[in-house]
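Beneath this line is the structure, given in structure tokens, with notes to follow.
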Amino acid sequence: MTERKAIKYDLIAGILFAVLALHALTGISFSGILYNSFPVRFFVSSIIGSLIFTAGFGIVSFSMFTKRRDILPCIGFGVLALVQIVNAVLYVVLGLRSLLALLAYISAALVSLALLTPYLPSLKEYAKKFWYVPSMLYAVSAMFNVFYIIINIGFFRFFSALFWDAVTAGALLIACAWYVYPDGIPNTLDARTFDTNNFGGAFDADEEDNADMPNEFKE
């Protein structure tokens, strides 16, 4: 059987997080425009949030490109979680969408910390089983974000938000997959399943069993 080449999850995730870091920079460029229509609090939140997002995505992207299996990815996810906390402090409110996004980044930090460092050995087995939870949490938070945009802003902004939320959820999924399976997700079926010798042995065993049977019961 031809061996399938392992998918380079680290490279794919690194590219996705790099794209997200560049996209986060656009929040800084639009801050001056938003300042004309929104309070100073929104202006400050936009700049600070964009800078922290850029730093967080950049750290995770760098860790993926350099194949860092240490505490660095956890730091990057911790920085991304800090964005949600900063927004909650500035707006004095933490909506369900922001809460789920915060939990997504915190859980990603815990997964990376448990699997890539010796600091959380008690959570290592749980991280192996539930490594996809950060992506699921962010996907659910994205649904609330999309509904809010459709109701309050319109469909034009909807497609942009949907795209970037999908990229973020995908990046989280692929990154956590690499933490668990650095050599690629293994196949559930291996070559032994299709070993013709095993089949032949089974047929031979059936023939031996049939030899002891009365003729009227033999096929």
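The values are calculated or read from the model by the stated rules, or taken from the named source; none is laboratory data. None of the values given here were measured: they were computed from a predicted structure. All Cβ positions, even for glycine, are placed from backbone atoms using ideal geometry, and neighbour counts span all protein chains on display.
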Within region 46-53, identify whether any single residue is surrounded by fewer than 21 Cβ atoms within 10 Å (Cβ to Cβ), at pLDDT 85 or above and in a helix (DSSP H, G or I), and answer yes or no.
yes
Can you report the number of residues in region 67-126 which are touching a residue at least 60 places away in the same chain (Cβ under 8 Å) and either in contact with a strand residue (DSSP E or B) (Cβ under 7 Å, 6 or more places away or on another chain) or of a type outside the set (K, R) (or both)?
7
Taking region 158-178 and keeping residues of a type in the set (G, A, S) and surrounded by fewer than 20 Cβ atoms within 10 Å (Cβ to Cβ) leaves S160, A161, A166, G170
For region 140-188, give me each residue that is touching a Phe, Trp or Tyr at 6+ places or on another chain (Cβ under 7 Å), at pLDDT 85 or above and among the hydrophobic types (A, V, I, L, M, F, W, C).
A169, A171, L172, L173, I174, C176, A177, W178, V180
Give the number of residues within region 79-114 that are over 14 Å from the mean Cα position of the chain (by Cα) and within 19 Å of D10 (Cα to Cα).
2
